[in-house]
Structure formats: C-alpha cells, structure tokens
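One structure is given below, encoded as structure tokens.
Coordinate-derived values only; no laboratory data. Bear in mind that the values here come from a model prediction, so they are computed numbers and not experimental data. Neighbour counts are summed over all protein chains in view; Cβ atoms, including those assigned to glycine, are modelled from backbone coordinates with ideal geometry.
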C-alpha cells in the first residue's frame, strides 16, 4: 500500500510542479510586456484591462471545456464562506497587488521588477507557516532565506550619494506582499473550480480597477494598446491563475509559491531581449541565489506516519487510496461530489495538499 501511495504522491507532485511552472511562465512575461504597455496606458487603466482580459480569455476558453461526466460535475462549485475568501483574494491580489506593481514598474527596470517579485514566494511561505499553520520543513525555510537575500540585493541601486533604496522596488515589494496574502487565501479555494474562481476574480478586479482609472481621469488608450493589454491579461492573469490553483491543490501553498519562483527568470530574459537592459552583477548574483532556492525546494522529501481525521468535503477526484467510497458510475473518471473520508493512519511521502494539512 505504501508503494502505491508513494507512486500516487509522485504523480500528483509532478502534476503540481508542471502546473506551477506553467503558471510561472505565463506570469513571468507580465512584467516586461506591462512595462512596454505603460508607455501608452496608465497604471490603473492597465490593471483594469489586464484583469478584464483574464475574464474574457477564460470565458472564451470555458466554451471549449469538456462537459460534465456521467458521474456528475468535474469540479466543485463555490458555496458559503468560499465567497468571503474570494472577496479577500480580489481585494489583495486583484486590486491592490497589480496597482502597486504597475506604479512601481513605471519607475523601475523590468528585469529588476521581475526578479523582485520572487520575494512573493518568501512572504507566502512565512504567512503559510506563521498564520495558516502549513508545515514548512528545513529545505523550504532555507529556500525562503535564499530568496529573501536575493530580493534584498535587488532593492538597492547606486546613486550620487551612494547606494539607496529604490522607490519602485518598495512598490513592487508591496505588490509581492499583497499576492502572498492572496496565495494563502486562494489555498482555501483550491478544491473549487479554478476557471470559475479566475473568471469571477478577473471580472470583479477588472471592473474595479477600470472604475478607479476613470475616476482618476484616465482615458481609454488606442485600440492596439487595449488589444495587447487584454491578450496579456488573458495569459498572465487568467491562464496563470488557473494553473496556480491546480498547483495549490497538489502541492500546498509554500511549495507552489517557491516553484513559482521560475517566473522572474522568464521576465528577466524577456526584459533583456525586449528592452536591451544590462545584465548587471546584481541581477547575476540574485539570479544565482534564486536558482539555489528553487533547487532546495525541488529536493525536498517529506514522509512520516500520519493520521487522517474523519473529513467530509467536495472536490474533483478519481478513486485512489484516499478515495475508496462507493457510488454508481466509473470511479476512474474525474468527478466531484460531497464524500466522506474515514479515519486512517498510514505512512507515505506527501505534501500539504487537500488531504495532508495536518499538524507536525
């Protein structure tokens, strides 16, 4: 049984890592292309268009999703307090975070801003451990420390009077904090339909940021800038969020966010190519530290005897060692319904996913 569970753990972990890296790729391109768009679009207007693009893109993509299986819906619907978590996610990650980022990006090099976003992972880990009580091992803590050191290197710039803290860097760091809060809130929704969550977030955040932009006197940009903003939003804020939620489901908050640390390197490569920005010693040193941080999280292995308490919940699943209940239909097909897990004690490799959020 342990061998079977370890095999399932490895498969789930690979799926989670693939989803996290997919999210990282799509979000990684956001900083440099947003920097490009800021030449013709105000920060608040761009924030609104990016999230509206997320909503429109995922709505279009949803038309091509597979219909529910004969066993029922493939994903669990939002209900009850889920909407409170969603509201918090929208406020922190959909409104505050992009505004901080885009105003900071307006006065910061795209490559520096991209790498600075890596402290989002550090802050996410700290919040997950200190507030949300997610288990964080030595490898995760070491990775967070290395990422924090890399972010500190990027926060300073040389000036006439010596080295000083970049104002833009502080704004980017503030956006990272808001997204770290958002990541931990979104974990509470990771068992629900990612497309529904991302679409609602995109619509609410997009409409709110557009209202802020118009209230501040901003005007709609030209059609090419609108189209570019919507497309970037569909990829970097829509597809990225869907992949991120799938990763949260399989890896937990701290591991997903640390793997998401690949995003800044994509942003740096695009920034250097797009704007001809210099590959400075600061960027090289910070990149080396961040790669070390990613390596630390990739080598983590966690196994011990643990007990599952009785649990009743609803999420997308197939039948495996953790889902052995009976019902009509094909148990191998992905489906969603309320089901109950009886008490169970066993030992196998695991991460703090939906079924392993226990105390240590």
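Numerical summary
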read-out: Paramagnetic label zone (point 7 Å from Cα along Cα-to-C-beta, residue 152; backbone N under 17 Å) in region 93-122; value: 116-122
read-out: Residue order, fewest to most surrounding Cβ atoms within 10 angstrom, among 120, 109, 188; value: 188, 109, 120
read-out: Gain in span if fully extended, residue 211 to residue 60, counting 0.36 nm per residue against the direct Cα distance; value: 52.0 nm
read-out: Packing-based order for 284-292, 30-38, 123-131, using average beta carbon neighbours within 10 Å, highest first; value: 30-38, 123-131, 284-292
read-out: Where only alpha carbons of region 216-258 are counted, the Rg and the Dmax (Å); value: 15.5, 44
read-out: Most to least packed among 84-96, 212-224, 191-203, 229-241 [average Cβ atoms within 10 Å]; value: 229-241, 191-203, 84-96, 212-224
read-out: Residues of region 20-38 with amide N under 20 Å of the 7 Å Cα→Cβ point at residue 219; value: 37-38
read-out: Cα→Cβ-extended label distance, 7 Å offset, between residue 84 and residue 167, nm; value: 3.9
read-out: Residues 296, 171, 115, sorted so that the one with the fewest Cβ neighbours within 10 Å comes first; value: 296, 171, 115
